[in-house]
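Working notes, beginning with the structure itself.
Computed from the coordinates by the stated procedures, all read-outs in this text should not be read as laboratory data. Every value quoted in this text rests on a predicted model; they were computed, and no experiment measured them. Positions of Cβ are backbone-derived with ideal geometry, glycine not excepted, and every protein chain shown enters the neighbour counts.
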Amino acid sequence: MNAATERLAVRLRGLGAARSQFGRACVILVPYLWLAVFFLVPFLIVLKIAFANIQLSMPPVEPVVTWTADKVLQLRLHFSNFSFVFGDDLYIAAFLNSLKVAGISTVLALLLGYPMAYGIARAPGAWRNVLFLLVVLPFFTSFLLRVYAWLGLLGRSGPINDLLLALGIVHEPLQLLQTDFAVYLGMVYSYLPFMVLPLYSAIEKLDLTLLEAAADLGCRPTKAFFTITLPLTKEGIFAGCLLVFIPAVGEYVIPALLGGPDTLMIGRVVWDEFFGNRDWPVASALAIVLLAILTGFVLLLQRVQSREEEA
Amino acid sequence: MSTDPAARAATTPSPPAPYVRIERLTKRFGDFVAVRQVSLEIARGEIFCLLGGSGCGKTTLLRMLAGFETPTEGSIYIDGVDVTGVPPYERPVNMMFQSYALFPHMTVEQNVAFGLRQDGTPRAEIETRVEEMLSLVKLDGYAKRKPHQLSGGQRQRVALARALVKRPKLLLLDEPLGALDKKLREHTQFELVGLQERLGVTFVIVTHDQEEAMTLASRIGVMRAGEILQVGSPTDIYEYPNSRFVADFIGSVNLVEGKLVEDEPDHVRIDCPQLGGTVYVDHGVSSPPDAQLSVAIRPEKLQLARERPEQPDNVLAGTVTGIAYLGDATRYLVRLSTGFVLRVTMPNVYRREEQFEQGQPVWVHWHASAAVVVMR
Amino acid sequence: MPGRRSLFVLMALAFGFAFLYLPILAMIVYSFNASRLVTVWDSANSPTLMWYAELFRNAPVLDSARLSFRIATVNATGAVILGTLAAFALERYRRFRGRALFGLLTTAPMVLPEVITGLSLLLLFVALEQAIGWPGGRGATTITIAHITFSMAYVIVVIQARLATVDRSLEEAAMDLGARPWKVFFVITLPLIMPAIASGWVLAFILSWDDLVITSFVSGPSSTTLPQLVFSKVRLGVSPDINALATILVLIVTACVVAAGVYMVRLEKRRARDAQTAFDAAT
Ligand SMILES: Nc1ncnc2c1ncn2[C@@H]1O[C@H](COP(=O)(O)OP(=O)(O)O)[C@@H](O)[C@H]1O
Ligand SMILES: [Mg+2]
């Protein structure tokens, strides 16, 4: 091989490497840029507006960063939105109530979801597929329409009240709609599949010989459930609770349709501040606080989980 | 039974009173019969091995003893008590699982203590017994580890300790050494036997490895397709197999078909067309004349010679067609004039043992007691 | 070990599935009720298909359904393309600058409350319009962008999980035989992860088709999607034509899922049978 062709070969190889570098950069950069522009930047804007003042214009906010007349960059941060949020009992109550509703709904979903997931995971082969599909199916049917379905059922002249009247349990129709009860019902109903699926996969993964070993060592089935099955499916429980709790805290549709006017939930409050009062800065400040709460919650759970693993 | 009962009695010790009695046990999964009409008696303090190929029903039989599978028919008695319908958590039996089934979320100590906790044993006693057990299996420093922090051999010993700590009347071991590598396995075999002798617990071990069965067992039950074909001591099974299957399954064997031509109480002569001659066997056979039989001869019981040996029977001419030097012995393939190929193993007693060469004409001969006659 | 425990589990299953399905069944039944009061059965004139007929004469419903379908289709396609790239980057390029942030950005949209996502995207569009004059009002475009951003996260999870199970040695073998990286991707990797891409597409479609909250933030007056229309109607209470609409949607989805399920079961059976024959042949 003479020197010229060798040099050519080296250059071609370099070209090949550069091309694969370019391909790699494309694969990473395209989705990265998309998410940066449409997810990260908007987020920063929320942060910025949370520190701005409301004004009567479109958009209804004062700029935070301005050029003054003498060409000095001026940054005006208003903490008033946050002090407003924390100063108003209404907002605090909305946060607390959201956490309460989400927490109770999560526990209820767990109590119903665990035995269901257990039953599905232990069902004989063909049944297991069918039951699994039945849990997945609601995922694909409209969330909104499934919440709507309860409007008819819970109404004053709906079938539930009809049944209660017919059985003589009550003598006049109960007010079921626009109550906290309806909100809990809607939450559990909507998010039950999110609870069942991670539980199912955790229970299904569980090695059945461990339960046989427990029985062999003299452990009764009920006790084996609490000492073996439950601790070993803890990750499924964590995942399921997280998948229910997080969206439940910020939920808007369920309290808006099933809850009463006094069902305060933070998602609804943000919505109303934004669309009703057109107070973008306060809505943004509320969003930031909500996010901080959720992030703290997730971090806490991760800490607990990783400490468990270490132990 | 095809072999002479008198000859068998010489190698089988008279069995002690049965401790575990299995009566006509059958297990069906749908139409499939996993265990068929098995009857067995196991003595106290014995190491009994269930030996058979994969899928022959060993695990199923063991799981019925542990109580995980309900027998379709038949019953099980342990120490005189019918335990057929007793759930596993109430049986005086413990099992060491093939996968060990150690609880991943508990430490070694908690794993071993688990069984004692279920019985409500006092805390102090649990502590001492667990400690004793761990030092017995040489795991003293490992009490606080989790199973995933242990090696395969250590896990195996935790599983053993966990099953033994309850001092069961019967310990069931499903392929106890299957997950270990060869060297560790050989070492552990002897440890297991030592432990069993010290504790006096009755062991029932399932294995598909005949060498392991021979090393561990006081008696072996050979299984095929859900049935027990033969029960006996390792010597019994090896030297006096009762069927072609057992002969072929245990070790290596030359199996030749033949027909009884001379039937005397003290000897028989069998005509084997595959060998191009007759085989003389120095014990009687209890089978009808003219029955089709098989003759089983172990390769190490055949001998090779350059010159025709001076004996009237059991001498055949052949040619060496294959040689495998194994170190402790050399294995030859010898083709007879009929085209049949015999396997012959010659021990290498001296360092420069005289070796035969490829293509060399040789004489194969054997003693009248070397061959065993089995039904086809 | 059957007994009390399995009885309890069976009861939980029965109750759980009744809870999940009775409301939907009731909705379907009421869609054939002639009464405008929905839950009061008008036995004289029912069952009837009148609400279905009314639905198909209702121009706003049809328009918004068409718009939702268009957005969902574009969204699913965009989300699958971006999601595949992102999943590939996360799964195959273990190390690159900013990977931690990238990982966060790809999962955060799943856990972020919808009100926050919607709010922040709207603020972005407003700011962009002030700064560069684009997107020039809100409508189908902004809705699609918003949908791609949040549904992409789900697509990434599905595809990444599948990608992780693809045997790397297959790709290496192809490269060893002289295929270039792009070629390897299209000839080897893509066919192997196709099932995940298909389910990712369906998932993204459904997420977009269903979304109300994010859409409400970023839509304009001229663009009303089907969930928005439904929401504005049901806020005022039950409405018979919504029952009809729900029935149609539920039946379509059920048919698809059942077909997919039957196909899956068949596939599994065939695989088990093939494995059995192979096993029998080998022994
Ligand atoms: N729960 C079960 N259902 C159906 N068939 C089974 C079950 N358990 C075992 N079998 C079948 O019974 C036969 C014997 O199994 P097993 O006892 O595990 O064999 P071994 O332990 O000897 O390998 C196998 O063919 C197996 O497929
Ligand atoms: Mg087995």
Checklist line | Dipole magnitude of chain B about its Cα centre (Cβ charges: Lys, Arg +1; Asp, Glu -1), debye to nearest 20 | finding: 1400
Check: For chain C, modelled as a GNM with alpha-carbon contacts under 10 angstrom, which of C:189, C:224, C:215 fluctuates the most?
Finding: C:189
Margin query: Could you check the spin-label model distance between residue C:70 and residue C:130? Points 7 Å from the Cα along Cα→Cβ, value in nm.
Written below: 3.0
Notebook entry, point to check: Out of every Cα pair in the protein assembly as shown, what percent are spaced more than 43 Å from each other?
Noted result: 55
Notebook entry, point to check: Where the centroid of each part is defined by its Cα atoms, how far is segment B:147-189 from segment C:10-45 in Å?
Noted result: 58
Next item on the list: Kyte-Doolittle cut-off -0.5, length cut-off 15 Å along the helix's own axis using Cα: show which whole DSSP H helices in chain C pass.
Entry: C:4-30, C:59-92, C:99-111, C:114-132, C:140-165, C:190-210, C:240-282
Margin query: Below 8 Å between Cα atoms, with a sequence gap of 6+, how large is the relative contact order for segment C:1-101 in percent?
Written below: 12
Note to self: Once you keep just the Cα pairs under 8 angstrom separated by 6 or more residues, what percentage relative contact order results for segment B:256-374?
What the structure shows: 29
Notebook entry, point to check: Taking +1 at the Cβ of each Lys and Arg and -1 at the Cβ of each Asp and Glu, which of B:113, B:52, B:38 sits farthest along the dipole of segment B:20-239 towards its positive end, judged by Cα position relative to the Cα centre?
Noted result: B:113
Item checked: Inter-site label distance for residue B:308 and residue B:179 at 7 Å from Cα along Cβ, in nm -> 6.1
Checklist line | 12 Å beta-carbon shell around residue C:249, net charge (K/R +1, D/E -1) | finding: 0
Next item on the list: Under a 10 Å cutoff between Cα atoms, tell me which one of C:265, C:184, C:74 has the largest fluctuation in the Gaussian network model of chain C.
Entry: C:265
Item checked: Charge dipole (debye, nearest 20) of segment C:61-125; +1 at Cβ of Lys and Arg, -1 at Cβ of Asp and Glu -> 420
Notebook entry, point to check: Considering the zone a paramagnetic label at residue C:50 would reach in this model (a point 7 Å from Cα along the Cα-to-Cβ line), which residues of segment C:225-249 have amide N under 17 Å from it?
Noted result: C:239-245
Note to self: With 33 Å as the cut-off, how large is the P(r) tail for chain B, expressed as percent of Cα-Cα pairs?
What the structure shows: 43
Checklist line | Two-site FRET efficiency, residue C:281 against residue B:125, from Cβ-Cβ distance with R₀ of 51 Å, rounded to 0.05 | finding: 0.35
Next item on the list: For each pair in B:144/B:183; A:205/B:146; A:234/B:138; A:234/B:146; C:183/C:269; B:146/B:183, compute the distance between the two Cα atoms and list the pairs where it is over 22 Å.
Entry: B:144/B:183; A:234/B:138; C:183/C:269; B:146/B:183
Checklist line | Neighbour cut-off at most 15 other Cβ (10 Å), DSSP loop, trypsin sites (Lys or Arg not before Pro), segment A:223-299 | finding: A:278
Check: DSSP loop chymotrypsin sites (Phe, Trp or Tyr not before Pro) in segment B:317-376 with at most 11 other Cβ atoms within 10 Å of their Cβ, which ones?
Finding: B:350
Next item on the list: Using +1 at the Cβ of each Lys and Arg and -1 at the Cβ of each Asp and Glu in segment B:256-374, identify which of B:276, B:337, B:265 lies farthest towards the dipole's positive end.
Entry: B:337
Notebook entry, point to check: Based solely on its DSSP helices, what 222 nm [θ] is calculated for the protein assembly as shown when runs of n ≥ 4 H residues each add -39,500 (n - 2.57) and the sum is averaged over all residues, nearest 500 deg cm²/dmol?
Noted result: -18000 deg cm²/dmol
Checklist line | Per DSSP, loop trypsin sites (Lys or Arg not before Pro) in segment B:327-356 with at most 15 further Cβ within 10 Å | finding: B:351, B:352
Notebook entry, point to check: Considering only the other residues whose Cβ falls under 13 Å of the Cβ of residue C:99, what net charge follows from Lys and Arg at +1 and Asp and Glu at -1?
Noted result: +4
Next item on the list: Could you tell me the distance between the Cα centroids of segment C:181-225 and segment A:277-303, to the nearest Å?
Entry: 27
Item checked: Among A:214, A:226, A:79 the positive-end extreme of the charge dipole of the protein assembly as shown (Cβ point charges) -> A:79
Item checked: For chain C, diffusion coefficient by Stokes-Einstein and Kirkwood Rh (Cα), 20 °C, 1.002 mPa s, µm²/s -> 94
Margin query: Can you compute the charge dipole magnitude of segment C:217-283 about its Cα centre, using +1 on each Lys and Arg Cβ and -1 on each Asp and Glu Cβ, nothing else charged? Give it in debye, rounded to the nearest 20.
Written below: 20
Next item on the list: Can you spot the lysines whose alpha carbon is less than 16 Å from residue A:100's alpha carbon? Ignore those fewer than 8 places along the same chain.
Entry: none
Next item on the list: Springs between alpha-carbon atoms under 10 Å, Gaussian network over chain B: tell me which of B:251, B:226, B:30 tops the mean-square fluctuations.
Entry: B:30
